[in-house]
Amino acid sequence: MKAALYERLGAAREVIRIAEVDRPEPGPGEVRVRVRLSGINPTDWKSRSGATARPLEGFQIPHHDGAGEVDAVGEGVDPRRLGERVWIWMAAAGRKWGTAAEWTVVPAAQAVRLPDSASWELGACLGVPALTAHRCLFADGDLEGRSVLVAGGAGAVGHFAIELAHHQGARVVATVSGDAKAQMARSAGADLVVNYREPGAAERIHSFAPELARVVEVNLAANLHLDTSVAGPGTVVAVYAADGADPILPVRACMSANLVLRFVLLYGVPRPALLQAVADVSGALEAGALSALPVHRFPLDACAEAQDAVESGVVGKVVLEVS
Ligand SMILES: NC(=O)c1ccc[n+]([C@@H]2O[C@H](COP(=O)([O-])OP(=O)(O)OC[C@H]3O[C@@H](n4cnc5c(N)ncnc54)[C@H](OP(=O)(O)O)[C@@H]3O)[C@@H](O)[C@H]2O)c1
């Protein structure tokens, strides 16, 4: 089969190549998926570049997320799944078979039925961002009738955080850096959108949501002052990104707010919590509560360019057209 792969870490255009490799066969409990679209996340380029290196044995086909159709099942998997449209999550976690190839093989639970109403683009872009958003939102309890602040509401994680929180009955405030992103956050269902670069952001958030249950935080160092200003007892600030400098923790301000800090890295989330997240994301999909961000499409042959586009911070999602 045709695949994008790398055998050493480094710059995308130096280490990613397009190659023919043997098509994988599903083992017991696994399914093989004919990949249509491969969705790219920041973790994919960070793993490949060595910024956050993951173990590399032989070759690595990148990308955790994708969408396609089940075309073979391993022992113990219901053969009625053949032909099923699926979204794929964490395909490359501890495995060679990422989604940047004509086929991938994953444990059956990591290829999840994609409802007919959901596009391939939505399915290919769900895994990492939606599961991360779920963990940040729900690790500390449900949110029905509560208020949530989503920092960076037009980002991939931010987008699904807004949609999942809204779907679970929360009131959602999102921060953004400008008008176009404000429109994206509003379309996702944010009840209030605030430009975090403008004065008065904290006051607007606090008056709309005086008892915040969660902050879904993309940049703790940049937003710590804002977060401590709007948080109170019972607010959990769930941090899922570590770009840029580490924050200096203002202990007294955190104490005064009675703030709880949670950190989230998808690779270490306990399996039962991940499976619950998958079930809840599927429920939201079935209910039509999730939507695709704008998608930038690249051919499989341009995998390196596509990863560079993600690294450069394009707005929306980048996918590879595989088949
Ligand atoms: N822990 C995990 O398991 C996990 C999972 C998924 C992603 N991540 C990490 O999370 C980060 C975001 O991933 P993504 O896929 O959502 O990326 P993305 O689609 O590029 O979104 C990032 C968003 O954050 C916004 N942003 C940046 N600085 C901000 C600030 N100070 N306040 C508010 N918003 C800010 C950006 O917009 P503006 O710059 O215009 O504000 C952008 O909309 C990456 O570093 C990624 O590696 C971690």
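The set of residues in segment 294-309 being within 16 Å of the ligand (Cβ to nearest atom), crowded, with 21+ Cβ neighbours inside 10 Å and among the hydrophobic types (A, V, I, L, M, F, W, C) consists of A306 alone. Close Cβ contacts (under 7 Å, 6 or more residues apart or on different chains) running from residues in segment 242-269 that are farther than 24 Å from H134 by Cβ and modelled with pLDDT under 95 to residues that are within 11 Å of the ligand (Cβ to nearest atom) and not in a helix (DSSP H, G or I) comprise G244/N219. Within segment 164-189, the residues that satisfy the criterion of being crowded, with 18+ Cβ neighbours inside 10 Å, over 16 Å from L137 (Cβ atoms) and of a type in the set (A, V, I, L, M, F, W, C) are V176, A182, M184. Among the residues of segment 6-27, is any of a type in the set (D, E) and crowded, with 17+ Cβ neighbours inside 10 Å? Checked against the condition, which is being of a type in the set (D, E) and crowded, with 17+ Cβ neighbours inside 10 Å, segment 6-27 yields no hits at all.
Looking at A242, A277, just one residue is within 15 Å of the ligand (Cβ to nearest atom) and in a loop (DSSP other than H, G, I, E, B), and that residue is A242.
Comparison of R214, R252 shows that the only residue that is within 21 Å of the chain's Cα centre (by Cα) and over 24 Å from L122 (Cα atoms) is R214.
Residue-by-condition table, conditions (1) free of Cβ contacts under 8 Å to residues at least 60 places away in the same chain; (2) within 16 Å of the ligand (Cβ to nearest atom); (3) under 17 Å from the mean Cα position of the chain (by Cα):
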| position | (1), (2), (3) |
| --- | --- |
| A72 | yes, no, no |
| R80 | yes, no, no |
| L114 | no, no, yes |
| A133 | no, yes, yes |
| R146 | no, no, no |
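When G244 is tested against the conditions (1) assigned by TED's automatic domain parsing to the domain that holds A170; (2) surrounded by 14 or more Cβ atoms within 10 Å (Cβ to Cβ), the lone failure is (2). Here A67 meets the list (1) away from the ligand (no atom under 16 Å from the Cβ); (2) buried (at least 21 other Cβ atoms within 10 Å of the Cβ); (3) farther than 28 Å from R186 by Cα almost entirely, failing just condition (3).
Outside any loop (DSSP other than H, G, I, E, B), hydroxyl-bearing (S, T, Y) and touching a Gly at 6+ places or on another chain (Cβ under 9 Å) - does that describe any residue in segment 6-24? The answer is no; no qualifying residue exists.
Of all the listed residues (A92, A101, A108), the sole one being over 26 Å from D280 (Cα atoms) and among the aliphatic types (A, V, I, L, M) is A101.
Those residues that are away from the ligand (no atom under 16 Å from the Cβ) and crowded, with 16+ Cβ neighbours inside 10 Å, I need them from segment 190-208; list them, please. If the condition is that a residue be away from the ligand (no atom under 16 Å from the Cβ) and crowded, with 16+ Cβ neighbours inside 10 Å, then D191, H206, F208 are the ones that fit.
G58 fulfils the conditions (1) more than 16 Å from the ligand (Cβ to nearest atom); (2) more than 12 Å from A101 (Cβ to Cβ); (3) outside any loop (DSSP other than H, G, I, E, B); (4) not charged (D, E, K, R) except for a single criterion, (3).
Counting residues in segment 266-275 that are in contact with a strand residue (DSSP E or B) (Cβ under 8 Å, 6 or more places away or on another chain), under 17 Å from D65 (Cβ atoms) and surrounded by 15 or more Cβ atoms within 10 Å (Cβ to Cβ) gives zero. Any residue in segment 25-47 that is farther than 21 Å from D308 by Cα, without any contact (Cβ under 8 Å) to a residue 24 or more places away in the chain and either in a loop (DSSP other than H, G, I, E, B) or of a type in the set (S, T, Y) (or both)? Checked segment 25-47: no residue is farther than 21 Å from D308 by Cα, without any contact (Cβ under 8 Å) to a residue 24 or more places away in the chain and either in a loop (DSSP other than H, G, I, E, B) or of a type in the set (S, T, Y) (or both). Residues that are farther than 15 Å from V236 by Cα, of a type outside the set (S, T, Y) and more than 9 Å from the ligand (Cβ to nearest atom): does segment 155-163 have at least one? Looking through segment 155-163, at least one residue is farther than 15 Å from V236 by Cα, of a type outside the set (S, T, Y) and more than 9 Å from the ligand (Cβ to nearest atom).
The values are calculated or read from the model by the stated rules, or taken from the named source; none is laboratory data. Here the structure is a predicted model, which is why all the values come from computation and not from measurement. All Cβ positions, glycine included, derive from the backbone under ideal geometry; neighbour counts span all protein chains shown.
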